[in-house]
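Novice: Right, I'll just put the structure down here and ask away after.
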2 protein chains.
Amino acid sequence: MLKTRRILFLVYDGFQLLDMSGPASVFATAGSIANEVTYKIEAVSAKGGEVRSSAGLSVMTKAVGKVRLSEADTVLVVGAPERPLSRAMADKRVSTWLTGLPDTSAHFGSVCTGAFVLAAIGLLDGRRATTHWAGCKQLAALYPTVRVQPDALYVVDDDIWTSAGVTTGIDMALAMVKRDFGTTLANQIAKLLVVYAHRPGNQSQFSALLDAQTTANGAFSDVVA
Amino acid sequence: MLKTRRILFLVYDGFQLLDMSGPASVFATAGSIANEVTYKIEAVSAKGGEVRSSAGLSVMTKAVGKVRLSEADTVLVVGAPERPLSRAMADKRVSTWLTGLPDTSAHFGSVCTGAFVLAAIGLLDGRRATTHWAGCKQLAALYPTVRVQPDALYVVDDDIWTSAGVTTGIDMALAMVKRDFGTTLANQIAKLLVVYAHRPGNQSQFSALLDAQTTANGAFSDVVA
């Protein structure tokens, strides 16, 4: 039986393009290699139309007012640097739409600092959740009822999925596919995208590894011939 | 002195969104954390306007006819699955525009299967280059003068940069930033995007690691709590 999953990414001016495109490519690849799965992927925004990412590249979106949450299987809020993120958190059109989420059967969550948008409207109250390593302390300070997990690449609490910084959205999307359609498909996607099926370690270990690379500059040989 | 780098991504219907957005996020992050660097990032296509990626999400582009190659510092052709890739290789508007590249001072190259578009118009003749692991044999068979390097995450031959599959475009973009602005900035970007500054190993080793993960299913503990 053909299974269709409808995925919505909530974006806004200044959003991190990779927060959306990483997971989107995971889902799209799942749909392209597995006969029994189709993913319908859309970007939604407060007003609809063209929305500019922090990289300067713009994507086309539908207005939240024209998209019913009840038709979505998964809704993910993407992250952004501080200023555009604050504007998104203050946008009533966005928050009003998102507050309907717990009344639907949709799984929802965030990539990177998108967790702040969910936390600001109480959707992470009492939940385990994570965000970009640079934002974990602030998330915990602003929303003390959120049980922030700074070391995870992503966290699942019931049907709420939150990922750590930027590319960890890819790790989380792979885990979503694995849950829905099994390990074999998730591993095939990882191989096609040339990413780890499971990145070993956690966000802080990963940062420590990067620190080690920075310190021991040149210790890792460059693959440029 | 403020340095500006203008980066153009050549895209077409059905392109792999992550091939563009991965490198774009690296360059955009460089611009956001280093005072002395500004990156101007644009997507260009045969006709301009809205272009749909393989994930179903659309990005806004300028028409190649309206963008002078001489104003670009770097031009990267993105990849796609076979069918949309073939259409891009046959598009005269794209190939005519790209053939002007060697007459400019722009660095150019490709991400993933974008190498086929460059090879089809002879721009990789006699060059060392790479592409997605699943396409290396075909690239070598179709264009025997291209010296295909199937094991590299990316290859640099003079000013021609080609990356392997999908996410290796991120590794390549980090190397470009490192070359232009140093290791410290490249490492800061890697840490912010939660990726390796230098991924150890090469494309085939990486695939072997994924095979090992697939075989020893569950040997790597999941980070989902």
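Novice: How many nanometers, to one decimal and shortest first, lie between the label point of A:D125 and those of its other copies, if labels sit 7 Å from Cα toward Cβ?
Specialist: Label point to label point, same position, other copies: 6.9 nm.
Novice: Provide the packing ranking of B:67-73, A:74-80, i.e. peptides ordered by the mean count of other C-beta atoms within 10 Å per residue, highest first.
Specialist: Working: B:67-73: 16.0, A:74-80: 26.9.
The peptides rank, most packed first, as A:74-80, B:67-73.
Novice: Take every residue in peptide A:57-66, count the Cβ atoms of other chains within 10 Å of its Cβ, and give the average of those counts.
Specialist: The shielding value for this peptide is 4.
Novice: Quick check on chain A: helices-only [θ] at 222 nm, where DSSP H runs of length 4 and up contribute -39,500 (n - 2.57) each and the sum goes over total residues. Nearest 500, please.
Specialist: Details: 8 runs with 83 residues, N = 225.
Calculated mean residue ellipticity at 222 nm is -11000 deg cm²/dmol.
Novice: For peptide B:45-56, compute the average count of partner chain beta-carbon atoms within 10 Å of each residue's beta-carbon.
Specialist: Averaged over the peptide's residues, the number is 4.
Novice: Which FRET efficiency, nearest 0.05, do B:D125 and B:K66 yield, Cβ-Cβ r, R0 22 Å?
Specialist: Between B:D125 and B:K66 the formula returns 0.15.
Novice: Got a number for the accessible area of B:D180? Probe 1.4 Å, square angstrom, nearest 10.
Specialist: 40
Novice: Need one number: nm distance between label points at A:S86 and A:D158, each 7 Å from Cα along Cα→Cβ, rounded to one decimal.
Specialist: Calculated label separation equals 3.2 nm.
Novice: Once you average over the residues of B:159-170, how many Cβ atoms of partner chains fall within 10 Å of each Cβ?
Specialist: 3
Novice: Give the Rg/Rh ratio for the protein assembly as shown, taking Rg as the radius of gyration of the Cα atoms and Rh as the Kirkwood radius, to two decimals. All intermediate terms of the calculation are to be shown ahead of the outcome.
Specialist: Details: Rg = 20.6 Å, Rh = 21.8 Å.
With Rg and the Kirkwood Rh in hand, the quotient comes to 0.95.
Novice: Apply the Karplus parameterisation 6.51 cos²θ - 1.76 cosθ + 1.60, with θ equal to phi minus 60°, to every residue of segment A:130-136 and state each ³J(HN,Hα) to the nearest whole Hz, in sequence, with x for glycine and proline.
Specialist: With the stated coefficients, segment A:130-136 comes to 9, 7, 3, 3, 6, x, 4 Hz.
Novice: Normalised by the residues of chain B, what does the relative contact order come to in percent, with Cα pairs under 8 Å and at least six apart?
Specialist: Values: 438 pairs, mean separation 40.0, N = 225.
Reported as a whole number, the value is 18 percent.
Novice: B:K47 versus B:N35, label points 7 Å from Cα toward the beta carbon: distance in nm?
Specialist: The answer from the label model is 4.7 nm.
Novice: Number of Lys-Lys pairs in chain A under 20 Å by Cα, sequence gap 8 or more or different chains?
Specialist: 11
Novice: May I pose another question? Check B:V77: other-chain or 5+ apart residues with amide H under 5 Å from its amide H, H built from backbone geometry?
Specialist: Those lying under 5 Å, H to H, from B:V77 are B:L10, B:G109, B:S110, B:V111.
Novice: Considering the rotation that carries chain A onto chain B, locate the chain A residue whose Cβ comes closest to its axis and report the distance in whole Å.
Specialist: Result for the A and B rotation: A:S21, 2.
Novice: Once the label point is set 7 Å along the Cα-to-beta-carbon vector, what list of distances in nm do you get between B:T96 and its counterparts in the other copies?
Specialist: Between copies, matching label points for B:T96 lie 5.0 nm apart.
Novice: To the nearest Å, what is the center-to-center distance of segment A:125-151 and segment A:50-75, using C-alpha atoms only?
Specialist: Each part's Cα centre sits 25 Å from the other's.
Novice: Place the label 7 angstrom along Cα→C-beta at B:R147 and in each other copy, then list the distances from the first to the rest in nm, shortest first.
Specialist: Those label-point separations list as 5.8 nm.
Novice: Net charge near B:K3, counting Lys/Arg +1 and Asp/Glu -1 over other residues with Cβ under 14 Å of its Cβ?
Specialist: Net of charged neighbours comes to +1.
The values are calculated or read from the model by the stated rules, or taken from the named source; none is laboratory data. A quick note: this is a predicted structure, and the numbers were derived from the prediction, not measured. Here the Cβ is made from the backbone with ideal geometry for all residues, glycine too, and neighbour counts use every protein chain on show. All accessible areas refer to the heavy atoms of the entire protein, side chains included, with ligands and DNA or RNA removed. Shrake-Rupley method; radii C 1.70, N 1.55, O 1.52, S 1.80 Å.
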